[in-house]
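What follows is one structure encoded as C-alpha cells, with my remarks underneath.
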Amino acid sequence: MCAVSSNNLKSEICNLKSHVLVAVPVPNLDLLTYSVPPDVPSPVVGARVVVPLGSRVVTGIVIEANTSTDGASGAEIKSLRQVLDAEAFVPPDVIALARWTAEYYAAGVGDTIPALLPPMARGARVDAHKTTRVAAITAAGLEAISADKTTDKQREALELLAGIPMGMPTPALASRGIGSDIVSRLARHGYISLRHDRLNRDPFEVVLRSDSSPTSVRTEVGLKSDLSPTGDNRRQLTDEQTAAFDRLRAIADRKAFRVALLHGVTGSGKTEIYLRLSAAVRDSGRRVLMLVPEIALTPAVAALFRDAFGDRVAIQHSGLSDGERHDQWQRIRRGDVDVVVGTRSAVFAPLEDVGLIVVDEEHDGSYKQEESPRYNGRDVAIVRGQRAGALVVLGSATPSMESYHHAMTGKYERVVLERRVLDRPLAEVAVVDMREAYAAEGPDVILSRPLRAAIQMRLDRGEQSLILLNRRGFATAVFCRQCAGTIDCPNCSVSLVIHGEGNARRARCHYCNYTARVPAACPLCAGPYLERAGFGTERVEAEVKKTCPAARVARLDRDAIRRRGALGSLLSRFRAGEIDVLVGTQMIAKGHDFPRVTLVGVVSADVGLGIADFRASERTFQLLTQVAGRAGRGEQPGEAIVQTLYPEHYSIQLACRQDYPAFYERELHFRKAMRYPPFVSLVNTVVRARTFSGAMDDAADVVQKVRDGDSGQLRVLGPAPAPLGKLRGEYRAQLLIKGTNRKHIREALQRALASRPELQRRIVVDVDPLSVL
Ligand code: ADP
Ligand code: ZN
C-alpha cells in the first residue's frame, strides 16, 4: 500500500495524467497500464474497470492506482473505457494478498482473478455475435428493497441484482427461478432496466449453467439434526480440549500474528475447539476464516458452523451454483457475516478484520491448486494472517512435514491432543502380509481371509465397514499374453484402465479421458489372449458383493459421484445406515465422522509407495493413519485391517502404530539426506513440446541458463523426461531446482526464461510442489 501513496505523491508533484495498473483475466499476462480519461473519475485499487485489450474489451481489476508511467512510452498507452465501481470491489488487502500470491508462485496477477471475484466473474468464451438480454437494478429498484414494497420473489430478484451493478442476463435469472413474468413486472415498475448485450462483452458476466440444481448447503442443513444428536452446543470439553482451547484463546487475545499447529489424533475433537475459538474471536469483535479441504465431502463441519453462527456465517465452495456463490461473496463483502467457511480459494474472501484463520486438515493435498497460480491455500492463509495480525491455527492428526518441523523448531506454537474424546481408544490395527495370503490362497486374492471374516462380523452385528483402495477402475491394465504389450493411451504415456464389466466394459485414460472399447485381440500382435492385470475400487466392490451377498455395498470414488447430487446422497445413505460396506478411494479417508463404522479395511496399503515422488512415504502414512482414524468413533471400538506387500516399510508400520513422532523423525532423516523440503525449497518446472527431443532440448536450455546465472546457491536437477513423459499428446521434460532461498530460485528461473518468451505458453512452474510427477 505504501507504493500507492508514494505514487500518489509523485502524480501530484508532476501533475501527470493519471494511470492505473490493471490485472485482466488472461493467463500469464503482466499488469497492464491504462490512462484514465479526463472525464472519468480515477478508480481506486480494487475497482473493476472495462479496458480495451487487443480487439476485445474486457473487465479487469485495478491493482495500482495513480501509478507513474516512467519509462513507458506514453503513446502506446490506451485509455480505460469505464470504471464500474466507485469504491473498491475487492478490498485492497485482498488485492495485496493476490499480488503476493502471483509473485511467490511465479504467476500473472490476472491468474488470481477467478479466486478474487465472485464466481459470476468466470470468463466464458461465447460466440461474439450472440446477444442476450441483461437486467440491471435501478435506483428505484434499490429504494424498493428498503421500502419493502415488493413480493418475496421480486425482492429476491432485486437483492440479487443489487449485488451485480452491471446486471445479469435474463436466462441466468431464469435458471435461479426468476422467470420472465417477474422480470417484466419489475421492469414495468421501473425497478430494473433491460438492455441487450453482446455475450462476450464482459468476462465477469454470469456464466450460464444448465445444472444448477439443489446445493450442498441445503444438504448440510438437512443433515443438521443427526449431526448433533444431543442438540447441545455447550457440552463439556475434555481436560485436554480445555487446555488446548485456553492456550489458543490466550494467543488469539493478543491480536497479533502467530501460527499454531493443533496436532490432535483422529477423533480428539478438534472441530469443537475450532468452534469455540471462532466464537471467542467473534465476541472480541474480529472475524473468522475457516478453511476446509472439501466441503462436499465432509459437510459436517460447515453444518456445525451454520448451527453455531446462524446467518452470520457464509459458506463458499464449488458445489454451490454460481448465483449462490455470488450471493455468499456479496454478503461477506457487505460485512454481513462474521465467519466464512470455505475451500482453498476462500482464503481470498473479502472479509475484513480477520482475527482467526483455521486451516483444518492442513496437510491435505486439495489446498494446492493444480493450475496457475499454483498456490497452497494453507501457505497463503499464513501470509494473510501475518498481514492481518491474526492467529492462524493449522489442524491435523497427520501434519505435513513442513508444518510439524516449524512446530518443533519453535516457529509455530505447538498444541497437542493425544487422546480421543471420552477416552475412546484408537482403532486396533492388524497387518496382513499379502505375500503369505498369495502363498496360501493363490495370486488372485483381493480380500484376505481375515478381512473377509471381519466384514462378515460387522454385517452380523449390524455395524458398518469402510474399505479403502486408492485406485479407481476395475482392472488397471490389459496386457497380451503373447507379446506382453499393454493397451496404452494414444495421447499419454500410461496404460488404459478398465472400467465396468461385461458389455459395459470400457478402457479409459485417467489423464485425458480417452475412452475405447476393450478389443478382443491384441492390437499389436493380434494375439487372442488378453489378460487383465491389477485391480481398482470397482473390482473390490464386486468382490465384497461376491463374498457377502447379503451386504448392501456401495462405492465412493470420482467415477461414482460424477452425477450431480450423487455424493451427497451416498454420504447420507451411509450415515443413515442404508449401506453396510462403503468401498472407496482416499475420499473415504477424509475427516468423516461416522459413529457406526467399526471396521476399516485397506486393500493395498502400498499403492502410493511405488510412486517416484519424494512425498510418497508421507502421503502413504497420512492416508493410512487418516483412514484408520475413521473406525471406532462411536460407542463401539474400532479395528483396522491393512493388507500390504511391504509390511516392513516404515510408513506402513508407523501408521499402523499411529506413531506420528516416530514417522516424522524417520522421514526427516530421509529428507535431510536427500535434500528435500523442509530442508530446501523446491521449484519444479515442466516444459511441454510436440516432440520428445524438443521438450528435452528446451528444458536443457533452461537448465543451462539457470546454472549460468547462479553463483553456487542452487542445485539444478535435469533435464529429464517427466515421470508422465507424454500427456494429452504433448511430450514433457522436467527440471527441478533446489535451494534455500525461494526468491533466489524464482529470480534465477525468471532470468533464464526472459530470453525465451515463446516458452512461456509451454512451461509450467510449480513453486513448493506437492508432487513432482
Ligand atoms: P477430529 O476432528 O479431531 O478427528 P472431531 O472434532 O470430529 O474429531 O470429534 C470426534 C467426535 O467427538 C465427534 O463426534 C464430536 O462430536 C465428538 N466430541 C468432540 N468433543 C467432545 C466432547 N467434549 N464431549 C463429547 N463428544 C465430543
Ligand atoms: Zn490419455
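Where a number appears in this text, it was derived from the coordinates with a stated rule and is not lab data. The shown structure was predicted, so the numbers you read here are calculated from the model rather than taken from an experiment. Using ideal geometry, Cβ is built from the backbone for each residue, glycine included, and neighbour counts are taken over all protein chains shown.
Fewest-first ordering of Tyr511, Tyr529, Tyr664 by other beta carbons within 10 Å of each residue's beta carbon gives Tyr529, Tyr511, Tyr664.
With Cα atoms defining each centre, the range 494-522 and the range 754-768 are spaced 34 Å apart in the structure. Taking every alpha-carbon pair under 8 Å whose residues sit at least 6 apart, the chain reaches a relative contact order of 10 percent. Look at the Cα gyration tensor of the range 273-318: its axes a ≥ b ≥ c give a/c of at least 1.5 with a/b over b/c, and that counts as prolate. Just report the Cα centroid separation between the range 583-632 and the range 680-705, whole Å. Between the Cα centre of the range 583-632 and that of the range 680-705, the gap is 34 Å. A simple rule links phi to the HN-Hα coupling: the Karplus curve 6.51 cos²θ - 1.76 cosθ + 1.60 with θ = phi - 60°, which for the range 720-731 gives 9, x, 5, x, 9, x, 9, 9, 6, x, 10, 7 Hz, with x for Gly and Pro. 3J(HN,Hα) couplings calculated from phi for the range 633-643 with the Karplus curve 6.51 cos²θ - 1.76 cosθ + 1.60 (θ = phi - 60°) are, in sequence order, 8, x, 5, 7, x, x, 9, 10, 10, 10, 8 Hz; Gly and Pro show x. Counting neighbouring beta carbons within 10 Å and listing from fewest to most, the residues Ile178, Ile467, Ile446 come out as Ile446, Ile178, Ile467. Full extension of the segment from Glu648 to Gln386, taken as 0.36 nm per residue of separation minus the current Cα-Cα distance, would add 90.1 nm. Between helix 692-708 and the chain there is an angle of about 70 degrees, using the helix long axis and the longest principal axis of the Cα atoms. With 0.36 nm allotted per residue and the present C-alpha distance subtracted, the Tyr511-Ala174 stretch has 117.8 nm of extension available.
Past the 30 Å Cα-Cα mark, which pairs from Lys255/Lys738; Lys411/Lys672; Lys270/Lys368? With Cα atoms farther than 30 Å apart: Lys255/Lys738. Here the Debye sum runs over all C-alpha atoms of the chain as equal scatterers in vacuum, and log10 of I(q)/I(0) at q = 0.06, 0.08, 0.09, 0.11 Å⁻¹ comes out as -0.42, -0.76, -0.97, -1.44.
The H on the amide N of Ala296, modeled in the peptide plane, is under 5 Å from the matching H of no residue at least 5 residues off or on a different chain.
Here the simple spin-label model places points 7 Å from the Cα toward Cβ, and for Ala754 and Ser366 these points are separated by 4.1 nm. Around the amide H of Glu413, modelled in the peptide plane, lie the amide H atoms of Val259, Ala260, Leu261, all under 5 Å away and 5 or more residues distant in sequence or on another chain.
In terms of other Cβ atoms within 10 Å, Phe535, Phe305 run from fewest to most in the order Phe535, Phe305.
Annotation: amide H-H contacts under 5 Å for Thr598 (H modelled 1.01 Å from N, sequence separation of 5 or more, or interchain): Gln464, Gly632. Applying 1/(1 + (r/R0)^6) with r as the Cβ-Cβ distance of His669 and Asp353 and R0 = 45 angstrom yields a FRET efficiency of 0.55.
Here the simple spin-label model places points 7 Å from the Cα toward Cβ, and for Ala256 and Asp152 these points are separated by 5.2 nm. Subtracting the Cα-Cα distance of Gln236 and Asn503 from 0.36 nm times their residue separation leaves 90.5 nm of extension gain. Bridgeable aspartates and glutamates around Lys743 (alpha carbons under 15 Å apart, same-chain partners fewer than 8 residues away excluded): Glu103, Asp710, Asp766, Asp768.
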